[in-house]
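The values are calculated or read from the model by the stated rules, or taken from the named source; none is laboratory data. All of these numbers come straight from a predicted model, not from anything done at the bench. Cβ atoms come from the backbone with ideal geometry, glycine included; neighbour counts cover every protein chain shown. Remember, those area values only see protein heavy atoms, side chains included, never the ligands or the DNA or RNA. Shrake-Rupley method; radii C 1.70, N 1.55, O 1.52, S 1.80 Å.
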Amino acid sequence: MKGKLYIVATPIGNLEDITLRAINTLKNVDIIIAEDTRHSLKLLNHLEISKPLISYHRHNEEEKTESILNKIEEGNNIALISDAGTPVISDPGEIIVKRALERNIEVVPIPGACAIITALMGAGVNTRKFTFYGFLSINKKIREKELEEIKNNKNTIILYEAPHKLINTLNDLENYIGKRKVVLARELTKIHEEFIRGSIGEVKDKINSPKGEYVIIIDENTEINEQEENKLNSLSLDEHYNYYEKLGLNKKEIIKKIAKDRNVNRNEIYQQFLNK
Ligand code: SAM
């Protein structure tokens, strides 16, 4: 019988941030595949888990994927872990998950710590709609395109960045997003965890030489949101309705939205659209 591929989240700093299910999965699989086997050994030793380890990282992902999947087809259960946090998210895993599914191998995600979500939990920003960009590209053209996209994206934006590139990335962002509020979530779940808030200029002043790990969060662009709201409110009620209908919302959702946009009672709008 085929084995399964388990995608297991591990801590992003504090070793207590691992679920019982993750520990049990790591105890029960036949093989663990890890980005840096020496790094993961520290965690596995701490959990008193001893398993055959296979190294699986950005540079050998393509080459190793098929042989790992062969082992699963031979009956082995295999867990993928990354150096920290949730595999697949700015870490190896996307390729093996896709290929496993192509080969009808069951993929079981075992959730846990993830830097994006942990940062959002303490940032105090709009969490209803957010866009995650991972690391910005180092290719100049692609990076400019990404920055332009960020500028026009009104949602909360989340980025990962290495400490030695942080200032450079903040400078680039400053040119595109101006005074939008940002939060740097630093060393999450660790002793020196902190949230640094302000405009980009202000947060740059608060960090001298960046050390540790950072998530960059850019809060929603309220200016664009306000502009859009004003635009919607200048439409007739029917046009306002059609706008949301085209976005795929149902009648109840549309009425709720219109009432909120126009700051009027929902019943009042409902009465207008009794026959819709
Ligand atoms: N897959 C991991 C996750 O989502 O949890 C992230 C891996 S990615 C290679 C590493 C980046 O995640 C770091 O450069 C940093 O931006 C962010 N990160 C990871 N751990 C962090 C922590 N404890 N505090 C702040 N940022 C962290």
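Note on ARG58 and SER199: the extension gain reaches 47.4 nm, defined as 0.36 nm multiplied by sequence separation minus the Cα-Cα distance. Rolling a 1.4 angstrom probe over the protein heavy atoms with all chains in place gives the chain an accessible area of 57 Å² per residue.
Only bridges whose two residues both fall in region 5-112 count here: according to DSSP, what percent of them are antiparallel, nearest 5? So the antiparallel bridges amount to about 5 percent of the total. Toward the positive end of the charge dipole of region 116-220, with +1 on the Cβ of Lys and Arg and -1 on the Cβ of Asp and Glu, the farthest Cα among ILE158, ILE142, GLY198 is that of ILE142. Spin-label model, LYS98/LYS211: points 7 Å from Cα along the beta carbon direction are separated by 4.0 nm. Taking the charge dipole of region 116-220 about its Cα centre, with +1 at Lys and Arg Cβ atoms and -1 at Asp and Glu Cβ atoms, the residue from GLY178, GLY122, LEU188 reaching farthest to the positive side is GLY178.
Based on Cα contacts under 8 Å between residues 6+ apart, region 135-235 shows a relative contact order of 33 percent. The share of accessible area on region 5-112 that comes from carbon and sulfur is 47 percent, using a 1.4 angstrom probe.
Enter the angle in degrees (range 0 to 90, nearest 10) between the Cα long axis of helix 237-246 and the first principal axis of the Cα atoms of the chain, meaning the one along which they spread out most. Helix 237-246 and the main axis of the chain meet at about 20 degrees. DSSP bridge analysis restricted to the chain gives an antiparallel fraction near 45%, rounded to the nearest 5. Taking 7 Å steps out from each Cα toward its Cβ at ASN175 and HIS46 produces label points 4.0 nm apart. Quarter the surface of the alpha carbon convex hull of region 116-220 and you get the mean projected area, 5.9 square nanometres.
Across region 139-196, how large is the tail of the calculated P(r) beyond 14 Å, expressed as a percent of all Cα pairs? Counting every Cα pair in region 139-196, those more than 14 Å apart make up 62 percent. Working note: Cα gyration tensor of region 5-112, eigenvalues times five, square-rooted, sorted largest first, giving semi-axes of 20, 14, 13 Å. Annotation: lysines with alpha-carbon distance below 22 angstrom to LYS165 (same-chain offsets under eight excluded): LYS140, LYS141, LYS145, LYS151, LYS179, LYS181, LYS190, LYS204, LYS206, LYS211. Taking one quarter of the surface of the C-alpha convex hull of the chain gives a mean projected area of 19.1 nm².
Each part reduced to its alpha carbon centroid, region 158-179 and region 16-84 end up 33 Å apart. Site pair HIS192 and ASN70 shows an inter-label distance of 4.6 nm when each label is modelled 7 Å from Cα along Cα→Cβ. Within the accessible area of region 116-220, what % is carbon and sulfur when the probe is 1.4 Å and the other protein chains stay in place? Taking all protein chains in place, region 116-220 shows 51 percent carbon and sulfur surface.
Extension gain, HIS39-VAL108: 0.36 nm per intervening residue step, less the Cα-Cα distance, totals 22.5 nm. Our analysis of region 53-100 gives Rg over Rh at 0.93, with the two radii drawn from alpha carbon positions and Rh computed by the Kirkwood formula.
Couplings for region 175-191, taken from phi via the Karplus curve 6.51 cos²θ - 1.76 cosθ + 1.60 with θ = phi - 60°, read 5, 9, 10, x, 9, 4, 6, 10, 10, 9, 9, 10, 6, 4, 6, 9, 4 Hz in order; Gly and Pro are left as x.
Taking only DSSP H segments of four or more residues, each worth -39500 (n - 2.57), what value at 222 nm results for the chain once the sum is divided by all its residues, to the nearest 500 deg cm²/dmol? After summing the helix terms and dividing by residue count, I get -13000 deg cm²/dmol.
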